[in-house]
């Protein structure tokens, strides 16, 4: 990989003294396919370890692995899907999205309430009263969340 080193020098009584040396890479390391293959496939470093080396985020490393068509390990696929990204009604099992029976039953209950004329706000209040868990276990139900889930569910059925 091509890089250039520039030395910062100060002039003291006609002699130059090395103060600092900075290495500039022509291409950021996380974008270099050969670097990523070496670290991820050969050395078997984790995406977090590579991110630390590159002074980058783990999600940036995952993105560049995908852009360079480097297959992610199952653990990295699972880590890349945060709970907020997994649709309500599905769960992650061995790196794959599969139906979640308890959440699908709750979606059916939400649909029945909505068809009986309940507002999204009222449905969210009922879910909170019933202590129905959300994807983010510590969170509460909101009308907009119920609306998005029901819209996504009805669009998936088309």
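The values are calculated or read from the model by the stated rules, or taken from the named source; none is laboratory data. Remember, predicted model here, so these are calculated numbers, not experimental data. Ideal geometry is used to build each Cβ from the backbone, glycine not excepted, and the neighbour counts take in all protein chains shown.
So that you can scan it fast, the table gives a plain yes or no per residue for (1) modelled with pLDDT under 75; (2) loosely packed, with under 10 Cβ neighbours inside 10 Å:
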site	(1), (2)
2	yes, yes
5	yes, yes
27	yes, no
41	no, no
56	no, no
61	no, no
67	no, no
76	yes, no
(request) Determine whether residue 101 is modelled with pLDDT of 85 or more and more than 17 Å from residue 149 (Cβ to Cβ). (result) no
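Kindly evaluate residue 11 against the criterion of being more than 14 Å from the chain's Cα centre (by Cα), farther than 30 Å from residue 135 by Cβ and either in the same structural domain as residue 108 (by TED's automatic domain parsing) or modelled with pLDDT of 60 or more (or both). Explain how you work it out, then say what you get.
Values: more than 14 Å from the chain's Cα centre (by Cα): yes; farther than 30 Å from residue 135 by Cβ: yes; either in the same structural domain as residue 108 (by TED's automatic domain parsing) or modelled with pLDDT of 60 or more (or both): no.
Here the answer is no, as residue 11 does not meet what is asked.
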(request) Hey, can you tell me all the residues within region 55-70 that are out of contact with any helix residue (DSSP H, G or I) (no Cβ under 8 Å at 6 or more places or on another chain) and part of a loop (DSSP other than H, G, I, E, B)? (result) 55, 69
(request) Go through (1) at pLDDT 80 or above; (2) part of a loop (DSSP other than H, G, I, E, B) and name the single condition residue 35 misses. (result) (2)
